[in-house]
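These notes concern the structure reproduced below.
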Amino acid sequence: MRHLLPASFRRSTALTAAVLSLLACVFGVLAGTAGAAAVEEGQLVPFVVGGQESSVSQFPWQVFVFLPSEKIECGGSILSSTTILTAAHCVDHEGTTTTYPPGDVMIMAGDSNVNGFPPASAETRFVSAIRVHPYYTPQPNIKDDAAALTLTEPLTPSSTVQAIPLVASGATPAPGTALTVSGYGKQEGAASAQPSGKLFSASLMALSSDACRSAVGEPNSAVLLCAVSPTAATCQGDSGGPLTEGSPPVEVGIVDVGPEGCPAGQPDGFTNLSAPEVRAFIEGSEAPPVAARPTALPALKTIGSNPVDYSPLTCEAGAWSGAPSFTYSFQVDNASAQVLQSGPNDVFAPPSTAVGLPLVCIVQASNAGGVTTFRTGTTPAIAADTVHPGASISALKCHLTACTLSFIAYDPNAVALSVRPAALYTVTVRCPRRKRTKKGKKPPVCHATRTLGMTLKAVAPGAFRATVSRLPYDRKITFTVAVANAAGLLPLKTPVRATTLRPPKKKRTSGKH
């Protein structure tokens, strides 16, 4: 796994002086080795702390990968009797994509303790060929950290030597999924500590792609999987080993990156074997589909300088390579990480329940190579809307008993509006039943307001036209526009326009008398 290490703990590159010394390294396996690889100070480099000692019969797919001449130790997994899967950084020259000669690499299978002369049950094999992912980069942002090793002779299947199937392509473990990691690496993170050579394992929990990218600091989230344990962590010597899920198990990841000192409780990064970009390589492709990568960062835009409830937020995807399709997840940016909306819609209007909460948008870019996530910046805490909407009537045109009202309605924060135009006039109605009027007095006259709804049509953003017909002549007709925004706020003044319709004058007719 590539961990942050001080410069004094770099990988040794001294060649063995004699064949006997080489054999001693092969069968006396490197009691004082450095980690699986190392890097310059302040950079990520390859290397189970807090785990439990385990038997290889529990993890019969686990192998020990080592380069005796370079004092390099790693883990690996058995894909078939002649193919081993490991990390690319386990077989490359430090910080480069140049691999060591295949003959320098060996593997040991079927052994629970690789420190010492192997027992008769262990199988040791040389490597005849190395395939490294064509897009593998070691630094500054590691990606596609996978290598397939071909053995000179096939392994003999047994209770301690078995192949493991891979997770289905595209089936990245969901956040919270229980995972297991195993390896021969260090059991404590101190730079001076050395691995015991015994096989250890630990239980981890899968993290979301966004949490993974944020924690590890890698932009290549499509090809990276993260997992964490409050009590355990991978460490130097575990690089290239398997991360598994379920029972019967499938391999979901390759031990890849992690923080200096191998601290428990912090995420470790693994090459994601469900990512099509990685999976296609393992299955033999030398030109796998490439997952999208951001070339201009996503952004979350607000209408005003400070976001308010019901005012739309727009998640801009930014620019991406690989022509991906997008999914936008608006979520609370706190420990709850509550998702408020997720899907292809890049606009979200936060409800009143979001008041006081900061929000963020997670952009998921998907193509044939996989799914890459990136997050926008976080908004200030959502405030309650206190700005009133406005409305005004711009024109009223009538013909005979029909009228058309033109008006505008707007909200400074672009909060959604409800608009209800109406025409009102007074009519004479039958009065409620009362006692008989006294002789000689006129009966009472009662009136009521009749309201006619109007047919509404939006003619431009914020501009509307409303029509109504069958209005009466010779009565005062008042037109009003009722407006309210989603926060329940009304205009400070309701727009009103009034008119009285007159019947057309009859044309005079001429004739002889």
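Throughout, read-outs are computed from the coordinates displayed, never taken from laboratory work. This one's a predicted model, so the numbers in the text were calculated from it and none came from an experiment. Cβ atoms come from the backbone with ideal geometry, glycine included; neighbour counts cover every protein chain shown.
Tabulated results
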item: Estimated FRET transfer efficiency when R0 is 51 angstrom, pair residue 97-residue 355 (beta carbons, to 0.05); result: 0.50
item: Separation of the residue 397 and residue 141 label points, Cα + 7 Å toward Cβ, nm; result: 5.7 nm
item: Sorted by Cβ density within 10 Å, fewest first, the residues 124, 467; result: 467, 124
item: Calculated P(r) of the chain - Cα pairs past 45 Å, %; result: 40 percent
item: Karplus (6.51, -1.76, 1.60) ³J(HN,Hα), θ = phi - 60°, over region 150-161, in Hz, Gly and Pro reported as x; result: 9, 8, 5, 9, x, 6, 9, x, 7, 5, 10, 9
item: Ranking of 468, 181 by count of other Cβ atoms within 10 Å, fewest first; result: 468, 181
item: Region 294-375: relative contact order in percent, alpha carbon pairs under 8 Å with at least 6 residues between; result: 31 percent
item: Under-5 Å amide H pairs with residue 338, H placed in peptide plane, nonlocal only; result: 332
item: Spacing of the two label points (7 Å from each Cα toward its C-beta) at residue 442 and residue 422, in nm; result: 3.0 nm
item: FRET efficiency, residue 260 to residue 286 (Cβ-Cβ, R0 30 Å, nearest 0.05); result: 0.30
item: Per-residue Cβ neighbour rank within 10 angstrom, fewest leading, 184, 100; result: 100, 184
